[in-house]
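Just below is one structure, and these are the notes that go with it.
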Protein chains: 2
Amino acid sequence: MDISGLKRRGLMYVLSSPSGAGKTTITRALLEKNADKMIISISATTRQQRASEVDGQDYYFSDIPEFNKMVEEGDMLEHAKVFDNYYGTPRAPVEKALSEGKDVIFDIDWQGTQQLREMARDDLVTVFILPPSARELENRLRNRSQNTLETDAQIRGRMSKSNDEMTHYSEYDYVLINQDIDKTITQAQMILDAERLKRRRLIGLSDFVRGVKEGR
Amino acid sequence: MDISGLKRRGLMYVLSSPSGAGKTTITRALLEKNADKMIISISATTRQQRASEVDGQDYYFSDIPEFNKMVEEGDMLEHAKVFDNYYGTPRAPVEKALSEGKDVIFDIDWQGTQQLREMARDDLVTVFILPPSARELENRLRNRSQNTLETDAQIRGRMSKSNDEMTHYSEYDYVLINQDIDKTITQAQMILDAERLKRRRLIGLSDFVRGVKEGR
């Protein structure tokens, strides 16, 4: 709520990056900084619910007929099949948040973003995060792999996948080079704050201007 | 100059507002804060040069045939006739600044902005500043008039002109309501900083990404 009854429509904030470029850290930082006015999008999936997972918090768990019905009826903003399981972004919770003036952050890849772009139009703000160098990307992937006992071949496979993902930077509105994580978080927050001031997201401007013209 | 030889193209930053909404103060503040990377656009005019004025600093002074030739050859980004004099924005100094990575700020009205929009396309970022209320707008116009001995009728005329100008807010990318001048300056700076991170303004990204892919 701004002065004079002015509200705004929330925006859909997409962060994509090759694996190892820092996207998850930035997403968490933004959610924390904007706790009262931002939610993270929760995916629907047809895969088996694990014991540790909460429906509606980790995922919306769904069966295949229900999932397909949502896709057919345009109730999924984007969806994909990974091995035998379906994943997708249900439209309703996103639309509810946006109309309440809350932003929705998406941690999705370029393929999901391409679909989202067609569905979301003006609500969408997309940011691509690049690593500062090949060496830094490799370091981050290697550090991460110390926990998971990955082989060199697996890491090279991940590097190669990252390289393919990286070529999609040119489809995004903004590009950040993540050399310093704090600086990158500040930039991601700044883009968010500026985008919130876009005229097309403000609700009640025409009434406000009419009020000023009529001497209020 | 960013890391890895990355440069950016400057942007054209238009601030418009009804008279009395604070545009001039905000423009000055931004020029001061961004002294090394922002210039103000200087207009060309066919009107008589005054003794106090410096050619190329206050205006580019021009005769009518020269001015018309520039318009015909597409060398004016926008132009208008006010009484018997022509005013316009020469393209060359703006293009030079943009290609050097400097931003150019424009203190022009909605009519100039409409023309600029057609010529500048992706380089343009437009911000409209609104007064917080009719009373505040009138106060500012009255305070200003104490120096110039304006009559009530003249002030009412200015209010009426401001009201007409205000209806053009809906053609701008961003809208700021200037209730607190410091906050509005911060917001105008934030929009500028975020817009500088737009992918389409960055130069050398494809080389940078190729470098990372090739292991540099």
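The values are calculated or read from the model by the stated rules, or taken from the named source; none is laboratory data. The model shown is predicted, which means the values in this text are computed figures rather than measured ones. Cβ sites come from the backbone with ideal geometry, for glycine too, and all protein chains shown count toward neighbours. Note: accessible area is taken over every heavy atom of the protein model, side chains too, but ligands, DNA and RNA are not part of it. Shrake-Rupley method; radii C 1.70, N 1.55, O 1.52, S 1.80 Å.
Determine the shielding of peptide A:169-179 by partner chains: average, over its residues, the number of Cβ atoms on other chains within 10 angstrom of each Cβ.
Counting other chains' Cβ atoms within 10 Å and averaging over A:169-179 gives 5.
Quick one: buried accessible area between A and B, total over both chains, 1.4 angstrom probe, nearest 100 Å²?
3500
Taking amide hydrogens as placed 1.01 Å from N in the peptide plane, the amide H of B:Asp103 sits under 5 Å from those of B:Leu11, B:Met38, B:Ile39, each at least 5 positions away in sequence or on another chain. For region B:128-139, backbone phi angles converted through the Karplus equation (6.51, -1.76, 1.60; θ = phi - 60°) give residue-by-residue couplings of 10, 10, 10, x, x, 6, 5, 4, 5, 4, 5, 4 Hz, Gly and Pro being listed as x. Cross-link partners of B:Lys81 among lysines, defined as those whose alpha carbon lies under 28 angstrom from its own and excluding same-chain residues fewer than eight positions apart: A:Lys213, B:Lys23, B:Lys69, B:Lys96, B:Lys161. Principal-axis analysis of the Cα atoms of chain B puts helix B:110-120 at an angle of about 20° to the longest axis. Computed with a 1.4 Å probe over protein heavy atoms only, the accessible area of A:His168 comes to about 30 Å².
Across region B:7-18, coupling constants 3J(HN,Hα) worked out from phi with the 6.51/-1.76/1.60 Karplus curve, θ = phi - 60°, read 10, 9, 7, x, 10, 9, 10, 9, 10, 10, 6, x Hz, and Gly and Pro carry x. Only one residue of A:Gly101, A:Ala51, A:Ala21 has its Cα farthest out toward the positive end of the dipole of region A:1-140, where Lys and Arg carry +1 and Asp and Glu -1 on Cβ, and that residue is A:Ala21. Between amide H atoms placed 1.01 Å from N, distances below 5 Å from B:Leu124 occur with B:Met12, all of them 5 or more places distant or on a separate chain.
If I histogram all Cα-Cα distances within region B:61-132 using bins 10 Å wide from 0, what percent of pairs lands in each bin? With a bin width of 10 Å, the distribution comes to 17, 49, 28, 6, 0.
Among B:Glu171, B:Glu72, B:Glu138, the residue with the largest mean-square fluctuation in a Gaussian network model of chain B, with springs joining Cα atoms closer than 10 Å, is B:Glu72. The residue of chain A whose Cβ sits closest to the rotation axis that maps A onto B, together with that distance in whole Å, is A:Ala194, 2.
Using heavy atoms of the protein chains and a probe of 1.4 Å, the accessible area assigned to A:Arg140 is about 50 Å². Across the identical copies, the 7 Å label point of B:Gln111, projected outward along Cα→Cβ, sits 5.5 nm from its counterparts, in ascending order. Considering chain A at the alpha-carbon level, its Rg and Dmax are found to be 19.5, 72 Å. Normalised per residue, the accessible area of region A:1-124 is 54 Å², obtained with a 1.4 Å probe and no contribution from ligands, DNA or RNA. Ligands, DNA and RNA left out, the accessible area of region B:12-94 computed with a 1.4 Å probe is 49% carbon and sulfur.
For chain A, a Gaussian network of Cα nodes joined below 10 Å ranks A:Val54, A:Val175, A:Val94 by mean-square fluctuation, and the top entry is A:Val54. With the gyration tensor restricted to C-alpha atoms of region B:138-207, the semi-axes of the equivalent ellipsoid amount to 38, 14, 10 Å, longest first.
Entry for the protein assembly as shown at q = 0.13 Å⁻¹: log10 I(q)/I(0) = -1.21, Debye formula applied to identical alpha-carbon scatterers, no solvent contribution.
Near B:Arg8, the amide H atoms lying under 5 Å from its own belong to B:Ile203; only residues 5 or more places off or on other chains count, and H is placed 1.01 Å from N.
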